[in-house]
Amino acid sequence: MNRTANPKELPLDDDNGPLYVAQKKVYPQSTSGTFRRIKWGLMAFCLGVYYFLPFVRWNRGLGAPSQAVLIDLPNSRFYFFFIELWPQEVYYFTGLLIVAAVALFLMNSVGGRIWCGYLCPQTVWTDLFYAVERLIEGDRRERMKKDKSSDPMKLERISEIVLKHSIWLLIGWWTGGAWVLYFNDAPTLVKELVTFQAPMLAYVWIGILTATTYLLAGYMREQVCTYMCPWPRIQAALTDEWALNVTYRYDRGEKRTSVKKAAELRALGQQVGDCVDCYQCVAVCPTGIDIRNGPQMECIQCGLCIDACDNVMTKIGRPKRLIGYDNDVNIQRRQEGKAPIYRIVRARTVSYSAIIAAVGGIMIYTLATRSLLDVNVLHDRNPVAVRLSDGSIRNAYTVRLLNKSGYDRVIAIDASGPVNATIHVIGIDSVTPDRPMIVVPRDSTSELRLLVTASVEGNPEKSIPVHFHVTDIGLGEVASATDNFVAP
Amino acid sequence: MTDHHSDIDSVTGKSTTGHEWDGIKELNTPLPRWWVISFYLTIVWSIGYWIVYPAWPLISSNTTGLFGYSTRADVAVELANLEKIRGAKMVALGAASLADIEKDLALLALARAKGKTVFGDNCAPCHGSGGAGAKGYPNLNDDDWLWGGSLDQIMQTIQFGARSGHAKTHEGQMLAFGKDGVLKPDEIVTAANYVRALSGLPTRKGYDAAKGEKIFAENCVACHGDGGKGNPEMGAPNLTDKIWLYGSDEATLIETISQGRAGVMPAWEGRLDPATIKAMAVYVHSLGGGK
Ligand code: SF4
Ligand code: SF4
């Protein structure tokens, strides 16, 4: 990152500090404002989707699961509304992962670590847990006092603590419960869960997710973001001088002093900043840092310090956004008396957008045009070829027909390539010689053993490509695969 | 070694562990407490594990743990379950006729799956994992069958074997014409060239076709039939085709005629259950070699 700030104003990283620091408990204060509202909204949206999506129904016809989003592990299917994916189509997930990764890069190059501050599950649940804590134990000051007090525990305090942990566990339990619903028909599983009929695995997973939610959101909190998550390390390499980051505009803030003192100094015509050193920005920070020290790895860009400071600025009648989404370039420019410039469209963001559009486009295209009939061919390896008593050569293949549609199909198989080749499918006495037909039931695969026989004459090559065409004789839909016909 | 509490690093002011390598000392930076606690917990856990589960080997047995749990018993239960699930299907397989199995794609798939694993366990040592055979061990993928290649014939061969000692086994022997003094060496060479000629292979210079025919008629026709077409009743191979179990070069043929051949295939009846033998027959037939 381009550090345009005067180095003297920024504290140096303490390289001689201890490698491990005992956790300092953070007591973030509640605040209100634009970013807090955005965070509430996104939290409601994310949790709403997560908790209720398994209950959304989707009619796929008889025999098919009617759950809109379902990961059907026993049958190796993934259902997402109108999309049904087979194991052979894992590349869609690869594509999705690429899009997700690049979208993260794009967000980062536009607004820094905003994923962390607004959308990351760790942030969302931690925020929810803090809300519960605040509701029961009170705001920052009260919580600090209660934790410090060495009085013998009063009944009131004990009941508070019990209530808090019960609600936390309840949220964790619901989180684990929602998780398993993605792998099973939700209403059925809920019924089974309450009547203790559900598979053991479901209870185990609910247990695991209850525990992780409770521990990560209740205890680990910002420690996850600073010590466990790899993203802060990566994002430092992805950001540039144009990326907006939550920034303390020290061009407005020096020197920091109380409201009264500032007024006096201003009256004397002295240089004085807007920051009144009230520490509100520090009090609300969920990672417990002082953003006025400049960009820091711990900052998750949640914007709460912006809200806190804006409230202070409004009260003392100074312009808002002493802390705001900004970058070092602009601080520099303002110090030089130039107008700030913001650049969202730049090479970096354009290339990220282009990659997202390209990968997304390819995925949509292949999804829209993908065929519901498919054929895979595997050549026998042992032996690769057999010489028959009349001297001709035979190769054997395992042919797998995939019928991904919702209806049974009659499929005809042709093979072409070697001269004068005949084909035979084990178990099928062909009515039409050399064009065996077979019924493949809906949403299933059939595996066949297919023999191709050809004489040596006319096929002098050691290896000849052989093309397999499978045709739905009702609809005319065709799929093909190519392999080789080899001589011994 | 110095007492590490008194050994203070002059730069950082911290105590060292007292370990020194090439003048470099190690600072005493203790592990985080949570880490140490987890470590102790794993030790406590492992002790509990020894007590609850079978763990320590004794001289002739082992400690069985508190609940007598054993993975072996677990496997037995799993296997029994599997048998229960598979049982019905294998019964269906056992009940169906060989021809019906091949016509029913579901039964065929089951028979092939079952046959394939059993083949791998029992037949692969001789016939190869894919049934490609080797010298003296027939290739089961081709269309040449010593004892017949129909479903029933294949099943019979698997059940009773060839020269296996089983009461119903295939019998038949290639005589040792040289060793037993029936043919003289030069007659054997002529006979070898005669059978090469039968399947269109070149013969050596000076080979007398008429003499060959006479030797063949007098000695070989009884088993290999008129014209050398072979006889599956006696396991006598067809000598006019392109497939040779022991090889078709002159030297190998001379050896075959001189020493005789008598490959053995064990009988599988009694070693494999009837449904499995059926599955095997279907599998072998579907390799491509069936007739
Ligand atoms: S410094 Fe501000 S934006 Fe960063 S984590 Fe703290 S409150 Fe959020
Ligand atoms: S909240 Fe604003 S005024 Fe208060 S200390 Fe932070 S930056 Fe300064």
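Around the Cα centre of segment A:170-286, unit charges on the Cβ atoms of Lys, Arg, Asp and Glu (plus for the first two, minus for the last two) sum to a dipole of about 400 debye. A Cβ-based charge dipole, computed about the Cα centre of segment B:217-291 with Lys and Arg at +1 and Asp and Glu at -1, lands at about 340 debye.
Using alpha carbons only, how many angstrom separate the centre of segment A:214-275 from the centre of segment B:216-231? Here the answer is 101 Å between Cα centres. From least to most packed, judged by other beta carbons within 10 angstrom and beginning with the fewest, A:S446, B:S97 follow the order B:S97, A:S446.
For segment A:267-341, state the semi-axes of the equivalent ellipsoid (square roots of 5 times the eigenvalues of the alpha-carbon gyration tensor), sorted largest first and rounded to whole angstrom.
Whole-Å semi-axes of the equivalent ellipsoid: 21, 18, 11.
Per 0.36 nm of contour for each residue apart, how much would the distance between A:T195 and A:Y219 grow if the chain were fully extended, relative to their Cα-Cα spacing?
Details: separation 24, 0.36 × 24 = 8.64 nm, distance 3.20 nm.
Difference between extended and current length: 5.4 nm.
Choose one answer from B:G23, B:G178, B:G148: the residue with the largest mean-square fluctuation in a GNM of chain B with alpha-carbon springs under 10 Å. Greatest mean-square fluctuation among the candidates belongs to B:G23.
Compute the distance from the alpha-carbon center of segment B:1-70 to that of segment A:68-88, in whole Å. Taking the Cα centre of segment A:68-88 as reference, the centre of segment B:1-70 is 47 Å away.
Can you sort A:E137, B:E78 so the residue with the fewest Cβ neighbours within 10 Å comes first? Show your work: numbers first, answer last.
Numbers: A:E137 18, B:E78 10.
Going from least to most buried by this count: B:E78, A:E137.
Counting only Cα atoms, segment A:220-310 measures 50, 29, 17 Å along its principal axes, largest extent leading. Largest first, the three principal axis extents of the alpha carbons in segment A:36-147 are 60, 36, 23 Å in whole numbers.
Per residue of peptide B:134-143, the mean number of Cβ atoms on other chains within 10 Å of the residue Cβ is 3. When peptides A:452-465, A:194-207 are sorted by average Cβ neighbour count within 10 Å, with the highest value leading, the order is A:452-465, A:194-207.
Farthest toward the positive end of the dipole of segment A:353-474, out of A:G391, A:V359, A:S446, is the Cα of A:V359, where the dipole comes from beta carbon charges about the Cα centre. Between B:D208 and A:Y227, the simple spin-label model (points 7 angstrom out along Cα→Cβ) gives 10.1 nm.
Can you work out the FRET efficiency for the pair A:R157 and A:V350, with r the C-beta to C-beta distance and R0 = 60 Å, to the nearest 0.05?
Details: r = 57 Å, r/R0 = 0.94.
Calculated value: 0.60.
Take the alpha carbon atoms of segment B:76-151, find their center, do the same for segment A:445-488, and report the distance between the two centers in whole angstrom. Distance between centres, Cα-based: 25 Å.
The DSSP beta bridges internal to the protein assembly as shown are antiparallel in roughly 95% of cases.
Principal axis extents of the C-alpha atoms in the protein assembly as shown (largest first, rounded to whole Å): 136, 70, 66.
Calculate, for B:K103 and A:V410, the FRET efficiency according to 1/(1 + (r/R0)^6) with r their C-beta to C-beta distance and R0 22 Å; round to the nearest 0.05. The computed FRET efficiency comes out at 0.85. Comparing B:L110, B:L239, B:L58 in a Gaussian network model of chain B, where Cα atoms under 10 Å apart are tied by springs, the biggest mean-square fluctuation is seen for B:L58. Could you tell me the calculated FRET efficiency between A:K338 and B:K84, based on Cβ-Cβ distance and R0 = 60 angstrom, to the nearest 0.05? Calculated transfer efficiency: 0.15. Each 5 Å bin from zero holds the following percent of Cα-Cα pairs in segment A:363-488: 2, 11, 21, 22, 18, 12, 8, 5, 2, 0, 0. Taking Cα centre as origin and charging only the Cβ of basic (Lys, Arg, +1) and acidic (Asp, Glu, -1) residues, the dipole magnitude of chain A rounds to 2320 debye.
Counting other beta carbons within 10 Å of each Cβ, put A:M107, A:M153, A:M43 in order, fewest first. Intermediate results must be reported in sequence, preceding the final value.
Numbers: A:M107 21, A:M153 9, A:M43 18.
With the fewest neighbours first, A:M107, A:M153, A:M43 line up as A:M153, A:M43, A:M107.
With a 10 Å cut-off around each Cβ of A:378-389, the average count of Cβ atoms from other chains is 6.
Pull out a ≥ b ≥ c, the square roots of the eigenvalues of the alpha-carbon gyration tensor of segment B:32-130, then state rounded if a/c is under 1.5, prolate if not and a/b is larger than b/c, and oblate in the remaining case. Because a/c hits 1.5 or more and a/b exceeds b/c, segment B:32-130 counts as prolate.
Cys residues of chain A that find no other Cys beta carbon under 4.7 Å: A:C46, A:C116, A:C120, A:C225, A:C229, A:C275, A:C278, A:C285, A:C299, A:C302, A:C309. Seen against the Cα atoms of chain B and their longest principal axis, helix B:151-160 is set at about 70 degrees.
The residue list B:I43, B:V91, B:A73 was ranked by how far each Cα lies along the charge dipole of segment B:1-129 toward its positive end, using unit charges on Cβ atoms, and B:V91 comes out on top.
Only one residue of A:P230, A:P286, A:N75 has its Cα farthest out toward the positive end of the dipole of chain A, where Lys and Arg carry +1 and Asp and Glu -1 on Cβ, and that residue is A:P286.
Helix B:274-284 versus the longest principal axis of chain B: what angle, 0 to 90°, nearest 10, using Cα atoms? Value to nearest ten degrees: 70. The long axis of helix A:91-111 is offset from the longest Cα principal axis of chain A by roughly 20 degrees.
Every number here is computed from the coordinates shown, using simple stated rules; none is lab data. Keep in mind that this is a model prediction, so the values were computed, not measured. All Cβ positions, even for glycine, are placed from backbone atoms using ideal geometry, and neighbour counts span all protein chains on display.
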